Each structure stands twice: as C-alpha cells, then as structure tokens.
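K.L.:
Provided herewith is a single structure, encoded as structure tokens, for subsequent inquiry.
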Amino acid sequence: MALFKPASTAWLLAHELRLAWRGAMSGRKGSAVGSLIALAVAGVALLALGLLLGLGLRGREIPIQPLTIVIVALALAVILTLMLSTTLAGAADALYVRGDLDLLFSSPLSPRKVLFVRALGLGVSALFWFLIPAVLLLTPSIVLGHPAWAGVFVVLIAAALTATGVGLLLAMVLFALIGPRRTRTVAQIMAALIGAAFFLGSQYRTLMGDKASESLFARIALDAREGRLQPPPLADLPLRAALGQPLPLLALVAVGVAIFLLAAWTLGRRFADATAATQGAETRKAAVGPGRAFAAGAFRATLRKELRLMGRDAALLSQVLLRVLYMLPLALVLARNAADQPAWMLAGGAAGVAFLAGQVAGSLIWITVSAEDTPDLLALSPTPVSVLNRAKLTAALIPVALLLVVPVAILAWFQPLAGFWTALGSGLTAWAAGMIGVWRQKPGKRADFRRRRGSSFLAALGEVVVTMLLSAATALAVAGWLTWAALPLIVAVALLMALRRTEEQIAAALRAAAVG
Amino acid sequence: MTEALIVRSLSKAFAKPAVSDLDLTVHAGELYALLGPNGAGKTTTLRMVAGLTQPDRGEVSIFGVDARKEPAAAKALLAWAPDEAMIYDKLTPLEYLEFVAGLWNIEPTTAKARAEDLLSTLGLTAEARRRCEGFSRGMKQKVALAGALIHDPKLLILDEPLTGLDAAAARLVKDMLRARVEAGATVILTTHILEVAERMADRIGIIAGGRLLAEGTLDELRGKAGEAVGNASSGGTLEDIFLQLTAEAT
C-alpha cells in the first residue's frame, strides 16, 4: 500500500486486492503462510509440468485447423463462463454488502474511480486463478522457442475484462428487474448455474439419451477426425490470438476493454445509485393476515427456524442447486439403466446418489449447527443440547430427502430392490455426514460457507471418507453383493465411532474453540 | 426476603483474572444496577450467572436453584439480553419470537398472544412480519428485548440495554423494565449511563477489577464514599461516588 500514492487508482486497487486475498484466506485452518506454502508446492508442480510440455513441444507449431480452433474456442468459453460465475456473484456482493462502499463514497474520491477500481478488482480476482497456472505452465514453452504463446496471457486478461463487464451489466439488469436484495440471491443462483453450464453441456448426450460414454468433447474429436467439423466464422480468433497473431489479439482485447469500460464507466453513476438504494431497502413486502400458529416446543420451533433460514440463504441455495444439477445427469442415467439393465449396472449411479446425499447433508449440517447465528441464545435456553441438535439434524436431512425422492422413486419403480438399497444407503450416508457435523462442530459464520471445510480438516476428511465408504457399500448392495457391502460398511461404522463425541466432549471442544 | 440471585466466591480468569471471589446478592422484585469501568468484569459476571461462561469456582443460586448443578431449571427462570442483539437477520420479529418461545417451551397460543402484545408495546407491530435484516440497531435491540421477555422471566439480566436506542425508545424500555419490577420480576442491568442507574435502580453495585467495591442504595453508597474520604455526610451524585470508588480501587 505504501508503494502507491494514497487515493490513487493503484493504491485503491491494492486495497481491493488485499481485502480479496484476506477474504480468500479467512476461515482456513492454520496461517496464511501454510496456504502460501501449499500454493508454492502446486506452483512448482505446474512449472515442472510446463517444463515437460515446453520440451515436448520444442520446435513444433500448433496447426490452425478445425479441431484446434474448436478446442481453443471451447476452452475459452469454459474459462469465460467460470469467470462470469465469479464476477456475477462478486458484482452482486458489491451491490449488497456495502459497508466499505459507504466509507468510500463518503470520501473525497470520485465514485467513478471507486467503481472503476472495484470492477478492476473483480476482474483481477477472476483472472488470478487462471493466469497464474497459465504463466507457470506456458512460460517454459515461451522461453523454449514459442514467445508468441504469451498471447494466451493477453487472451485471459481480455476474457477477465469481458466477464467482469458482463457480470456487472447482469447485476445491474437484475437490480432493475427485481430489486437490490433479490439481486444477490438470483445472482448467486445464476452464478452457480453458469458455473455448472459446461458440466451439463458436456453431459448433454447423457441427458438426451445417447450413449453415456460419449461426451460432447469426444463427439467433437470424432467429427473433426471424420472431416465433418466446420467451425463457425470468427471461431478461430481465440486460437490465433493465443498464438500471438496481432490482429486477433487486438480484436479480443478491444472487445474485453470495451465491455469492461461500458460497464465500469457508463453505468458507474447508476451502479452507485443502486448501491445507495440498498441502504434501508425493504427485503420484501411484509406478509399480511393472521399468520400461522406458533410451533409447539423447542424441537419444532428450532426445526421451523432452521428451514426458514436455509430457504433464505442465497449462497446456500446456490450451492445446493449446484449439487442438484450434478445429480441430474446421474438421475437420468439411473432412470434409463433401471428400465432395461440388470441391477449391477445401477451400482455406480446408486453410489453417486448416496455420495451426493452425504455431501449435501454435510453442507447443510454445517449451516444449521456450526454456523448458528446466536449460539448464546441457545446456550441460555433450558432446552437440552440433544433436542437442539436433533432438530438441526432433521432440518439438514429434510432437503436431502427431497433431493432423493426423484432418483429413488424412479429406481424403485423399475427395480424395487435397487431402489430400496439406494434409499437406505443414501439415507445412511446423509445421516452419517450429519452426525459428523454435529460431533465435530466448530463455530463459523454463514458467510464462510464455501470455506467451511478449511475450518476443521479432520471433520472434512472424516466426512468425505465415511461418505465414500457408505456410497461403496450402497453400490455393492445394489449390485447384489451384500456380503461385500458389509466390508465398507463396517469400516465406515468404525470410523464413525472414532469421530463420535459425547455432548460433554462437544461442549468442551466448543469452549476450547471460544477461548482459542 | 427472597433472594433472586446469590453469588458466592465467583471467580473466572482468562489470560488474567476477570472476576475474583465476587459475592453478590440481588433481592427478588428489585432493579439492581451493576456498574463498573470498562473491563471491570460486569459482563463476565453476568455471563456466568446466565450459564454462558463456566466459572472457575464459586456458586450461583437463582431463586434458590443452584445454577451450576441444575442449569436447565435455573435457565428457565431467567432471560439475558446482551448489548449486541441476539437475533436472526433473516427471520421476522414474529418468527424470532416463535423460536425463542419454543426454546422456553411456552404454549404456542400463549406465546403468540404475548409476542403480539410485546411487539405492540415496543412499537414494532408494523414491522412484525418484515425480516430483521433491514432494521436499525435500536429496532434490533427492541426485538431482542421482546425475545427476552416472551417467557415472562422472573430474573431479567440486561447488559447495556439502552445502547443504540433513541430517546423515545429508551424511555419506553425504561418504563417497561419498571413495570416488570412492579409486577414482581427482578431486573439486573449494567449501564455506563449513570443517570439511568441513579434514577431507576433500587440498589447499585459497583465493581472494578473483578471485585465488588460497594453495594447499596444511592444513599448508602454516598455514606460509604463519605467514609472513604473521612466525611460521613458526603453528598454528590452517583457519578462522583462511582469515580471516587473506582479511582481508589485502581
């Protein structure tokens, strides 16, 4: 910060990036030094891989032909959508979480500069995770005879600028259509959908009912080999730009800069107004009428409260939605196989359903137990902790049960026994993940939901291993190998027993965490 | 006289002692103000009384119930409202009160009627079905206060209850607390606004360095402060007494 003149654009950008870095690092177990060491190790590995790549490609040129054109264009599209997913959520946060914008707008800095830098910060954040690996992977090739490949870095910068501009524009459109508060919710969900779009795209043949083994990318490769692939006009621009051809490079950069400037400058004032409008904005119209009766007892009241809070948590909804999207192709494969295949063909799908059920339950139990907003209120009440935990576990398992209804019902329709084992295995997996969340709870904040696994390595590892073991047991049971299914089941139970904590132990761990 | 709260030899140390061998008695049906400079141990004391912080040693009795041995029975009798409102931004006041009433196992029909009554008294009826996330600090404080009162506690413990409230809301809360005391409840509050303690409290305790320096009615405290400077008829405001006693302690 001291490197730059106070209140300059660079100074403000350094401030934004410092906040973004600390945000990314917060909630991780151990210090930032540990994270840096992990990143450094990954960096060295990438560099080594880059060196091998550079040596392998020494003296070779990338041909400009339909297959390479389509591969690079698709790769850029994937990168763009992932970047857009980041920038859209970030732009909505910039609109919604406005504590520091209040401070910045009340300063003598021009709002346009503030917004320009914030937009730039969004772009840099989106760029970071793509540019750094690209630099490490490609620098050896660039040094070893392909200097023009540095064009890849410029293409990535152009993509980040484009994604930032589109993200900001989308956030503005959402704001105009549905208001400030809902913008955040919808933007989070849209970001998740955009992020998952290419996964679903790659699975389109699965979804459409063709051979499950044939992905979109395999199909493209086949078409290219057989000469059927005809890239659309201008599809070669990304490849040519990545190979360092000046005009395509200039064109992509011009598009990125134009979209970014359009969003950051032209909408600058409007964005500031939008931000200001979020202050004191009503979340929604107050409900009218007598309202429903109060819940009776601590269990029901806690269950109802947790379900309400889950339903109103934008970040959580988007994460759950993502998992639903990932479950969709799986469910369709299961449905197709269930109709005309023997039970053992369903084993993989059943394991997938059980694993996802465990993952969703693990996420939700973290929200209900560890991310409790007012732990003191619960500690103050005469309600036993066991009742509260039971209500929270139930609240976490209800959405999982709803998620499971469709795949299990389809299975049960065609193959009742396979449906039974899948339901049992998925239920057990979800319950086990939930119990681990209860036993190994560690206070956190809802806002840290995406980083929850960093807060307790043991719990995260235990959850993944137990979930995998129980998923394997489910698969074996569905395949009809019940004796073999007992093996992972026993190991999972042993692990669960090792992870188990009594209420007193949980309370002691929480006290220790509070003091620490 | 029935005692609402008896604290004996209560001690707690974190990095250094926060509360040391504290003895405190609060009579049933009185409004007791616990005063002290920042870091005196007020909040730690009240958190231990509420069962939120485990004491290193000592006894806490609430209406004759040993709070350390029978925490659930003790908690059923009391309410605690800290200076930072313990509410959920994504719930409406009515939903919040429904949840709190559930925790104290209040019969739903009674709870709903009480909730509507409390929200009406606190001027929150129009906001009853709006989520708390857009509320001002004062409004959130009022929602938290309604939560503290929903189970009609016999002992109400409030940490800086007037923080963030405007003059009208502060008056409303003071009137409500007085009405509760007149109805037989016991109120313990901490405040840095000494005039509030001077006007409202039946008895005042002054704490510093985790120890109770003096306790009594305002007149009794005046007497103690006078004795300390060799003048038994010393007058002065609570502020004078407070500054004198805490200065001597530090």
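K.L.:
Scan region A:145-154 residue by residue and report those that are open to solvent by 40 Å² or more (accessible area, probe 1.4 Å) and under 17 Å from A:GLY56 (Cβ atoms).
P.N.:
Answer for region A:145-154, where residues must be open to solvent by 40 Å² or more (accessible area, probe 1.4 Å) and under 17 Å from A:GLY56 (Cβ atoms): just A:GLY145.
K.L.:
OK, next. Please go through region B:54-92 and pick out each residue that is at the interface with chain A (Cβ under 9 Å from one of its Cβ atoms), open to solvent by 50 Å² or more (accessible area, probe 1.4 Å), in contact (Cβ under 8 Å) with a residue 24 or more places away in the chain and outside any loop (DSSP other than H, G, I, E, B).
P.N.:
Result: no residue meets the conditions.
K.L.:
Hey, can you tell me all the residues within region A:389-422 that are among the hydrophobic types (A, V, I, L, M, F, W, C), within 29 Å of the chain's Cα centre (by Cα) and open to solvent by less than 40 Å² (accessible area, probe 1.4 Å)?
P.N.:
A:ALA391, A:LEU393, A:ALA395, A:ALA396, A:VAL400, A:LEU403, A:LEU404, A:VAL408, A:LEU411
K.L.:
For A:LEU177, state whether it is part of a helix (DSSP H, G or I), at pLDDT below 90 and more than 24 Å from the chain's Cα centre (by Cα).
P.N.:
Here the answer is yes, as A:LEU177 does meet what is asked.
K.L.:
Keeping to region B:193-228, report how many residues are closer than 28 Å to B:ALA15 by Cβ, of a type outside the set (A, V, I, L, M, F, W, C) and either free of Cβ contacts under 8 Å to residues at least 60 places away in the same chain or assigned to a helix (DSSP H, G or I) (or both).
P.N.:
Of the residues in that region, 0 qualify.
K.L.:
List the pairs whose first member sits in region A:489-502 and is in a helix (DSSP H, G or I), whose second member is surrounded by fewer than 18 Cβ atoms within 10 Å (Cβ to Cβ), and whose Cβ atoms are under 7 Å apart, counting only residues at least 6 apart or on separate chains?
P.N.:
Between residues of region A:489-502 that are in a helix (DSSP H, G or I) and residues that are surrounded by fewer than 18 Cβ atoms within 10 Å (Cβ to Cβ), the close pairs are A:LEU495/A:VAL465.
K.L.:
Any chance you could count how many residues in region B:21-47 are polar (S, T, N, Q) and buried (at least 18 other Cβ atoms within 10 Å of the Cβ)?
P.N.:
Going through region B:21-47 one residue at a time, the tally reaches 3.
K.L.:
Look at A:ALA432 and say whether it is at pLDDT 95 or above, part of a helix (DSSP H, G or I), open to solvent by less than 20 Å² (accessible area, probe 1.4 Å) and not acidic (Asp, Glu).
P.N.:
Yes; evaluated as a whole, the condition is true for this residue.
Here's the yes/no breakdown for (1) farther than 24 Å from B:MET86 by Cα; (2) of a type in the set (D, E, K, R); (3) without any contact (Cβ under 8 Å) to a residue 24 or more places away in the chain:
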| site | (1), (2), (3) |
| --- | --- |
| A:PRO382 | no, no, yes |
| A:VAL405 | yes, no, yes |
| A:GLY425 | yes, no, no |
| A:ALA433 | yes, no, no |
| A:ILE436 | yes, no, no |
| A:LEU461 | yes, no, yes |
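K.L.:
For region B:93-134, how many residues are more than 29 Å from B:PRO71 (Cβ to Cβ) and at the interface with chain A (Cβ under 8 Å from one of its Cβ atoms)?
P.N.:
Qualifying residue count, region B:93-134: 8.
K.L.:
For region B:31-45, does any single residue satisfy the condition of being within 14 Å of chain A (Cβ to nearest Cβ) and either under 20 Å from B:LEU149 (Cα atoms) or among the hydroxyl-bearing types (Ser, Thr, Tyr) (or both)?
P.N.:
Yes; the residues of region B:31-45 include at least one that is within 14 Å of chain A (Cβ to nearest Cβ) and either under 20 Å from B:LEU149 (Cα atoms) or among the hydroxyl-bearing types (Ser, Thr, Tyr) (or both).
K.L.:
Let me ask something additional. All but one of (1) part of a helix (DSSP H, G or I); (2) of a type in the set (Val, Ile, Thr); (3) over 22 Å from A:ALA459 (Cβ atoms) hold for A:ILE367; state the number of the condition that does not hold.
P.N.:
(3)
K.L.:
Here is a follow-up. State all residues of region B:135-150 that are within 10 Å of chain A (Cβ to nearest Cβ) and either among the acidic types (Asp, Glu) or in contact with a strand residue (DSSP E or B) (Cβ under 7 Å, 6 or more places away or on another chain) (or both); if no residue qualifies, say none.
P.N.:
B:ALA144, B:ALA148
K.L.:
Could you grab me the full set of residues in region A:465-488 that are outside any helix (DSSP H, G or I) and open to solvent by less than 90 Å² (accessible area, probe 1.4 Å)?
P.N.:
A:GLY480
The values are calculated or read from the model by the stated rules, or taken from the named source; none is laboratory data. For clarity, every value in this text was computed on a predicted model and none was experimentally measured. Please note: Cβ atoms are built from the backbone with ideal geometry, for glycine as well, and neighbour counts cover all protein chains shown. These area figures cover heavy atoms from the full protein model, side chains too; ligands, DNA and RNA do not enter into them. Shrake-Rupley method; radii C 1.70, N 1.55, O 1.52, S 1.80 Å.
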